[in-house]
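Any read-out appearing in this document is the output of simple, stated calculations on the displayed coordinates, not a laboratory observation. Note that the coordinates shown come from a computational prediction; the quantities given were computed from them, not determined experimentally. Cβ coordinates were reconstructed from backbone atoms using ideal geometry, including for glycine residues, and neighbour counts include every protein chain displayed.
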Amino acid sequence: MVIGKPFLTVEQIQKRVKELALKISEDYEGKEVLSVGILKGAFMFFPDIVRHIQVPMNIDFLIASSYVKAQTSGAIKVHADLREDIKGKHVLLFEDIVDTGLTLKYIKDMLAARNPASLKICTFLDKKSSRKADLDLDYIGFSIPDHFVVGYGLDFDNKFRNLPYISIFKERT
Ligand code: IMP
């Protein structure tokens, strides 16, 4: 088990987070947003980005999981649902990483059925080459190759989430 040097440094991450926040602030100007952090993975990305977004917002959280260690279990479980009623609201979901896209597709479909005014996705990382679900991503921090990465909220076996940077955990074969 080896954690190498940063694949994305603290500086690269914080610069990109601010750029994304600026774009979101422009796109949602004049609107109120319900920002939803998807836990546990977005627990670092979410507070980092929302503090730079310059539109009025409410905050909520959703706890979901799909992975067992480095392999998908295939099942998506919502451990804690939103507290807010999202009907008629502009909902923006914040996710750590989109891999197959099955988790966010499940969550997006579940929330879309509650009739929000709009429903968009902001992901810190995108592993597009692994995609299985048909899913549009509205805001992407970094597109990365199909490596298993840890840090900045991302875990392997619930470890390494506290690293302030992104590291490659192991290559998939
Ligand atoms: P998806 O349903 O395959 O898109 O998987 C999404 C979830 O899998 C993410 O929210 C992460 O929790 C986890 N995941 C996917 N790839 C990685 C990775 O490279 N490192 C850590 N977790 C990952």
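General remarks:
- Applying both filters, DSSP loop and at most 10 other Cβ atoms within 10 Å, to the GluC sites (Glu not before Pro) of the stretch 23-112 gives E29.
- Around K89: net Lys/Arg minus Asp/Glu count, Cβ-Cβ under 11 Å: -1
- Within the chain, longest stretch clear of exposed trypsin sites (Lys or Arg not before Pro) (DSSP loop, no more than 15 other Cβ within 10 Å): 133-171
- For the stretch 98-168, the Kirkwood hydrodynamic radius from C-alpha pairs, put into Stokes-Einstein at 4 °C and a viscosity of 1.567 mPa s, yields a diffusion coefficient of 98 µm² per second.
- Greater than 26 Å apart at Cα, pairs in K23/K77; K120/K170; K18/K132; K5/K128: K23/K77; K120/K170; K18/K132
- Antiparallel DSSP beta bridges within the stretch 2-170, percent to nearest 5: 30
- The chain shape via C-alpha gyration tensor axes, a/c threshold 1.5: oblate
- Relative to the longest principal axis of the Cα atoms of the chain, the long axis of helix 10-27 lies at roughly 20 degrees.
- Extreme residue, positive dipole direction of the chain, given options S66, I24, Y106 (C-beta unit charges): S66
- In degrees, nearest ten, helix 102-112 long axis to first principal axis of the chain (Cα): 10
- The label-point distance for A112 and S143, in a model that sets each label 7 Å from Cα toward Cβ, rounds to 2.2 nm.
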